[in-house]
Structure formats: structure tokens, C-alpha cells
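Here's the structure, in C-alpha cells; my notes come after.
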Amino acid sequence: MSVESLDRVFVALGSNLSPRSRRLAEGRDMLSRISSGGWLESPIYETPPVGPEGQGPYFNQVVSFWYDGDPKKLLHYLKGSELVLGRKPRGHWNSREIDLDLLYFGNKVMAGRPTIPHAEIPNRQFVLVPLCDIAPDWVDPLNNCTVKEMLASLLESEGKIPFRTITAEEP
């Protein structure tokens with residue numbers, strides 16, 4: 001299989017229900033099973049929650065790999081993996097055992113399901129910071145900006161959110 005026939009995909013992982021480290025590790029394991037190589041992973045960051053009050057902080061990470069398949073197939077795999085890994089429905093932006101979000105699928109732009117690139121990338125430090133760690137020069141096919149440029153713009157407009165790098169297994 002040549003790299004030319006594959007797409008570079010980026011997936012954001014998140015969890016704010018213990019054991020967060022293990023849940024991200026299980027998410028990475030599920031993704032590694034469909035990777036066709038070129039695996040990249042960011043550090044894991046602990047970040048404040050976005051959404052309803054009363055949630056604990058999240059562990060967030062971005063991984064990237066070569067993928068041989070189509071976007072719908074990958075989205076189904078991500079959503080199925082969330083269920084296999086114990087995600088329970090709690091409504092939009094509520095606590096979650098595991099979240100696997102498709103950020104980019106090569107340079108494809110798609111509306112509907114899945115929406116590619118993910119619509120919230122330019123607005124989320126918890127996505128842009130780890131994405132910038134592994135692909136600072138990746139160009140967003142919608143706005144033609146690099147990840148580094150999008151992060152700089154977001155930091156300028158809202159200031160830096162407190163992030164803590166996770167260096168060992170933590171709950």
C-alpha cells in the first residue's frame with residue numbers, strides 16, 4: 001500500500017471521567033488498529049471543561065495517522081469505538097468517558113455527517129494546542145491557515161486557557 005493512496009487523518013481524544021489516562025490509552029489503542037502507519041500523538045493536556053457547570057477537567061490529546069478508507073467509515077468506527085469503550089449518552093457538551101472527534105480527513109471538505117474539517121477547530125484551544133504539537137504547519141482546507149496561525153489568532157482573541165501537561169498515569 002503506497003502512502004499516495006492513503007489520507008492523513010487527525011482525531012481528537014478527550015475524557016473527563018476517571019480513569020482519564022486509561023480511557024485515552026484505550027482510545028489510542030482502538031485508533032492504532034485502523035492506522036496504516038505514520039502515527040503521531042501529542043502530549044496529553046488537562047484542560048478546563050467546556051459546557052455545563054459542574055464538570056471535572058478534561059484530558060485532551062490529538063493523534064494522526066495514515067488511513068485507508070472513506071470518511072463515513074471512519075466516523076462510524078469512531079462512534080462505535082466510543083460505545084465499546086463505555087461512553088454513555090449524557091447530551092451535548094456534558095461529561096464523557098471518551099470522545100473521539102474527527103478533525104481532518106486529508107484535505108477533504110465535507111458538509112453533513114461527517115463535517116470535515118470539524119467546524120469548531122479554530123475556536124478550541126484544547127484541540128489547537130495538541131494539534132500544533134504534531135502538525136503546526138498543517139493547512140486547514142477551509143480557511144487556508146496553518147494550525148500555528150489559527151492557534152495564534154485564538155490566543156490573541158481570548159487569551160491562554162490554563163493547560164497542564166500530563167507526564168504520568170493519572171486518574
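The values are calculated or read from the model by the stated rules, or taken from the named source; none is laboratory data. The model shown is predicted, which means the values in this text are computed figures rather than measured ones. Cβ sites come from the backbone with ideal geometry, for glycine too, and all protein chains shown count toward neighbours. In case anyone asks, the SASA skips ligands and DNA or RNA and just uses the protein heavy atoms, side chains included. Shrake-Rupley method; radii C 1.70, N 1.55, O 1.52, S 1.80 Å.
Quick look at the numbers
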quantity: Inter-residue pairs, beta-carbon under 6 Å, first farther than 12 Å from F10 by Cα and in the range 126-145, second of a type outside the set (A, V, I, L, M) and open to solvent by 30 Å² or more (accessible area, probe 1.4 Å), 6+ apart; calculated: P136/K148; P141/N107
quantity: Residue in the range 114-124 that is at pLDDT 95 or above and within 20 Å of D29 (Cα to Cα) present; calculated: no
quantity: Flag for K108 being assigned to a loop (DSSP other than H, G, I, E, B), open to solvent by 60 Å² or more (accessible area, probe 1.4 Å), modelled with pLDDT of 95 or more and of a type outside the set (A, V, I, L, M, F, W, C); calculated: yes
quantity: Single match in R90, R96 (criterion: open to solvent by 20 Å² or more (accessible area, probe 1.4 Å), under 20 Å from V127 (Cα atoms), charged (D, E, K, R) and modelled with pLDDT under 95); calculated: R96
quantity: Contacts under 6 angstrom Cβ, first residue in the range 3-27 being touching a residue at least 12 places away in the same chain (Cβ under 8 Å) and of a type outside the set (D, E, K, R), partner open to solvent by 40 Å² or more (accessible area, probe 1.4 Å) and in a strand (DSSP E or B), 6 or more apart; calculated: L6/W66
quantity: Neighbours by Cβ (under 7 Å, 6+ apart or cross-chain): first from the range 153-168, within 14 Å of V127 (Cβ to Cβ); second assigned to a loop (DSSP other than H, G, I, E, B); calculated: I161/P48
quantity: Residue in the range 43-54 that is among the acidic types (D, E) and in contact (Cβ under 8 Å) with a residue 40 or more places away in the chain present; calculated: yes
quantity: Flag if P114 is surrounded by 14 or more Cβ atoms within 10 Å (Cβ to Cβ), in contact (Cβ under 8 Å) with a residue 40 or more places away in the chain and touching a Leu at 6+ places or on another chain (Cβ under 6 Å); calculated: yes
